[in-house]
Amino acid sequence: MAQGLEVGVGRRSRSAAVTRIEAAGGVVVRRTDAGAHEAVLVHRPQYGDWTLPKGKLEPRESRLDAAVREVCEETGLHILVGPDLALRGDRRGWFRGG
């Protein structure tokens, strides 16, 4: 499960507020018969990109429940939750497992 802080892209004035949006998602991986690992990505036509399955938390929803729900909604897969991944961010944001 990954979580992060989402901020607007582009220039902001000093008075611009940062909005905290809680989101959760998952990294879905399978091992092929040849021993390679494959990850599931979701295509977002409106943005012209591919991303990990994720989405915003519903009111009073735990991060884990949101991650499982979002993966199922976006991929149609029913998953088993495995160990957390420790992820580091890039210039767009910071993320961590758990």
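We did not get these values from a lab; they are worked out from the coordinates using the rules stated. Quantities reported herein were computed from a predicted structural model and do not represent experimental measurements.
Below, the figures for the structure above:
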{"item": "Nonlocal amide H pairs with Leu52, under 5 Å, H built at 1.01 Å", "result": "Val42"}
{"item": "From phi via Karplus (6.51, -1.76, 1.60), per-residue ³J(HN,Hα) for the stretch 70-80 in Hz, x at Gly/Pro", "result": "5, 4, 5, 4, 8, 10, x, 8, 9, 10, 9"}
{"item": "Calculated from backbone phi, Karplus (6.51, -1.76, 1.60) coupling profile of the stretch 47-55 in Hz, x at Gly/Pro", "result": "10, x, 9, 10, 8, 6, x, 6, x"}
{"item": "Under 5 Å, built H, 5+ apart or other chain: amide partners of Ala23", "result": "Gly4, Leu57"}
{"item": "Extension gain, Ala17 back to Ala39 (0.36 nm per residue minus Cα-Cα distance, nm)", "result": "4.4 nm"}
{"item": "Under Karplus coefficients 6.51, -1.76 and 1.60, residue-wise ³J(HN,Hα) of the stretch 29-43 in Hz, glycine/proline x", "result": "10, 9, 9, 7, 4, 7, x, 7, 9, 10, 10, 8, 10, 10, 7"}
{"item": "Gain in span if fully extended, Glu73 to Tyr47, counting 0.36 nm per residue against the direct Cα distance", "result": "7.5 nm"}
{"item": "Cα-based shape type of the stretch 27-82, given that a ≥ b ≥ c are square roots of the gyration tensor eigenvalues and the cut on a/c is 1.5", "result": "oblate"}
